[in-house]
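Data first, discussion second: the structure below is written as structure tokens.
Only the coordinates and a few stated rules stand behind these numbers; no lab work does. Only a predicted model underlies this, so the values are computations on that prediction, with no experimental measurement involved. For neighbour counting, all protein chains shown are included, and Cβ atoms are generated from backbone atoms with ideal geometry for every residue, glycine included.
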Amino acid sequence: MCVDSLNEQLNIIRTKELHTAFAPIYAHPLPEGHRFPMLKYELIPEQLLHEGTITNQNLIAPKICEDEIVLLTHTKEYLNKLHQQTLSTKEQRHIGFPQSPQLTERELIITQGTIDCCMSSLENGVALNVAGGTHHAFADRGEGFCLLNDFAIAANYLLQQKLAKQILIIDLDVHQGNGTAKIFEHDKRVFTFSMHGAHNYPFHKEQSDLDIGLKDGTDDSIYLPLLNNTLDMLIEKVKPDFAFFLSGVDILETDKFGKLKVTMQGCKQRDEIVLSKLQQHQIPCAIAMGGGYSPDIKIIVEAHCHTFRLAKDIYGLG
């Protein structure tokens with residue numbers, strides 16, 4: 001990446017605003033009856049704009065991530081399969097989406113959205129991607145609705161550009177960040193922390209730098225103190241100069257697949273704990289929404305919107 005291109009990205013984000021990465025392609029058409037709640041990617045920005053949490057000025061429209069940046073993390077063979085539409089039926093089944101050129105373009109744009117959020121957070125403290133958090137993608141394959149690992153790609157980009165030296169990935173989706181753990185298993189510059197359902201997908205877990213597997217039925221009274229104490233320990237131990245936060249809302253008691261009993265208020269308190277600690281220690285943070293499968297789409301959208309509202313308030317952004 002040339003200096004001019006880097007400066008061009010920085011010029012997008014000079015004002016102290018809550019920058020939000022979004023593109024209409026995020027809401028990808030799926031076969032009727034598909035269990036993935038793709039509609040949320042339309043509803044989240046609509047709600048945030050309607051209530052005034054953000055304005056159109058806050059929105060960042062990502063471009064397509066360059067192959068050379070993707071290849072900092074993913075294998076050339078796998079990226080070629082995505083570009084050439086040569087994923088096997090089995091590979092598509094593991095991903096959970098039928099392949100298409102539009103789906104590949106979507107993943108590349110989401111990935112650039114996370115990189116754009118990194119650049120913004122270096123200036124403003126925090127930025128959020130309406131999509132992303134695709135933590136089940138490995139270097140050489142995708143799975144679990146994840147084609148490219150946006151956090152891993154963005155982390156490797158920051159390290160390559162010498163914009164960060166020690167990165168902490170806080171993965172609080174109910175599913176373990178197995179792809180992220182595997183990608184960074186031998187890289188001490190990136191500390192992977194995953195707090196997830198012990199008896200949930202993926203059923204073969206990788207080894208993060210720190211895994212906390214939660215019992216089915218874990219509620220606010222257990223979840224929140226455990227997270228609070230763990231983050232204090234990690235910030236002291238890892239001493240990160242950049243953080244990623246995967247704020248999945250599939251921890252909710254209403255989630256079809258989550259198996260935990262965290263309330264809506266508890267999910268909001270979770271985000272407040274994470275963001276307050278990072279803000280207090282002046283650790284820039286890029287946030288992606290991750291998963292959420294409550295039957296009522298309004299619950300999913302509201303839980304995700306809480307994350308944006310808290311980020312705006314805690315960091316004092318316009």
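In region 58-200 the Cα-Cα distances spread across 5 Å bins starting at 0 as 2, 10, 19, 24, 21, 14, 7, 2, 0 percent of all pairs. Taking chymotrypsin sites (Phe, Trp or Tyr not before Pro) across region 151-232, the ones in a DSSP loop with at most 10 further Cβ atoms lying within 10 angstrom of their Cβ are PHE203. Pull out a ≥ b ≥ c, the square roots of the eigenvalues of the alpha-carbon gyration tensor of region 231-318, then state rounded if a/c is under 1.5, prolate if not and a/b is larger than b/c, and oblate in the remaining case. The shape class here is prolate.
For CYS285, the shell of other residues with beta-carbons less than 12 Å away shows a net charge of -1, using +1 for Lys and Arg and -1 for Asp and Glu.
For region 233-318, trypsin sites (Lys or Arg not before Pro) are listed when DSSP marks them as loop and at most 15 other Cβ atoms sit within 10 Å of their Cβ; the list is LYS256.
Here's the list of lysines a cross-link from LYS16 could span, going by alpha-carbon distance under 28 Å and ignoring same-chain residues fewer than 8 apart: LYS40, LYS63, LYS162, LYS165, LYS239, LYS268, LYS277, LYS312. When you filter the trypsin sites (Lys or Arg not before Pro) in region 155-185 for DSSP loop state and at most 13 other Cβ atoms inside 10 Å of their Cβ, you are left with LYS162, LYS165. Along each principal axis, taking the top coordinate minus the bottom one, the Cα set of the chain gives 49, 43, 43 Å in descending order. Here is the tail figure for region 165-318: Cα pairs spaced more than 22 Å apart come to 36 percent of all pairs. Placing one equal scatterer on every Cα of region 117-161 and applying the Debye formula, the log10 ratio I(q)/I(0) at q = 0.16 Å⁻¹ is -0.48. Of the beta bridges in the chain, as assigned by DSSP with both residues counted there, near 5 percent are antiparallel.
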